[in-house]
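Note sheet for the following structure.
Please treat every number below as a calculation from the coordinates, not as lab data. Because the structure is predicted, anything quoted here is derived from the model rather than measured. Because the Cβ atoms are built from the backbone with ideal geometry, glycine has one as well, and the counts that use them run over all protein chains shown.
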Amino acid sequence: MAADERSSGADGTRPATVDDIHEIALSLPGVTLYDTGGKPGPVVYQVSRRSFIFFRNPRPDAVDPETGARYTDVIVFWVASELEKEAILSDSSLPFFTTPHFEGHPSVLVRASRLGEMSRDDLAGFVEGAWLSRAGPRTIAKWERARS
């Protein structure tokens, strides 16, 4: 696959990347990106003044079970409900997880290093789902009109 195909998203079946998150999120209406300049984060995507994806700084609740080292590449995706969260987490083919810190919070986590376990198209569905779970009705209506 040519590099220009990869950057344009021409092949949605290829493995997903962090760059895809940025590209897809920024393509959605009403999105604001907040980058505090931290390494590796936080980078926060918001719509209707509500976060829908954010890149976490290393925290004590997300650690490597073998070494105890904090994960440095955790990304949080909002979901529409606890039911959706449970469905995502019960699908063992997906790299999403949660921690006790996020118990009762409508979100799932994924490590950037595991995004390639999904296709770009699958990732797009999760980015759009996160956006839809937080966007206001007018913003969603605008998006739906543009898609038809």
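A compact table of results
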{"quantity": "Debye-sum result for the range 3-135 in log10 I(q)/I(0), which assumes one identical scatterer on each alpha carbon, at q = 0.14, 0.18, 0.20 Å⁻¹", "calculated": "-0.61, -1.04, -1.29"}
{"quantity": "Net dipole in debye of the chain [+1 Lys, Arg Cβ; -1 Asp, Glu Cβ; about Cα centre; nearest 20]", "calculated": "660"}
{"quantity": "Phe102 paired with Glu86, simple spin-label distance in nm, labels 7 Å along Cα-to-beta-carbon", "calculated": "1.7"}
{"quantity": "Helical mean residue ellipticity (222 nm; -39500 (n - 2.57) per DSSP H run of 4+; nearest 500) of the chain", "calculated": "-10000 deg cm²/dmol"}
{"quantity": "Hypothetical label at Glu23: residues of the range 120-142 whose amide nitrogen lies under 17 Å (7 Å Cα-Cβ projection)", "calculated": "120-128"}
{"quantity": "Sorted by Cβ neighbour density within 10 Å, fewest at the top, the residues Trp78, Trp131", "calculated": "Trp78, Trp131"}
{"quantity": "Neighbour-count order for Leu123, Leu83, Leu132, fewest beta carbons within 10 angstrom listed first", "calculated": "Leu83, Leu132, Leu123"}
{"quantity": "Loop sites in the range 42-148: GluC sites (Glu not before Pro), DSSP, at most 16 other Cβ within 10 Å", "calculated": "Glu66, Glu103"}
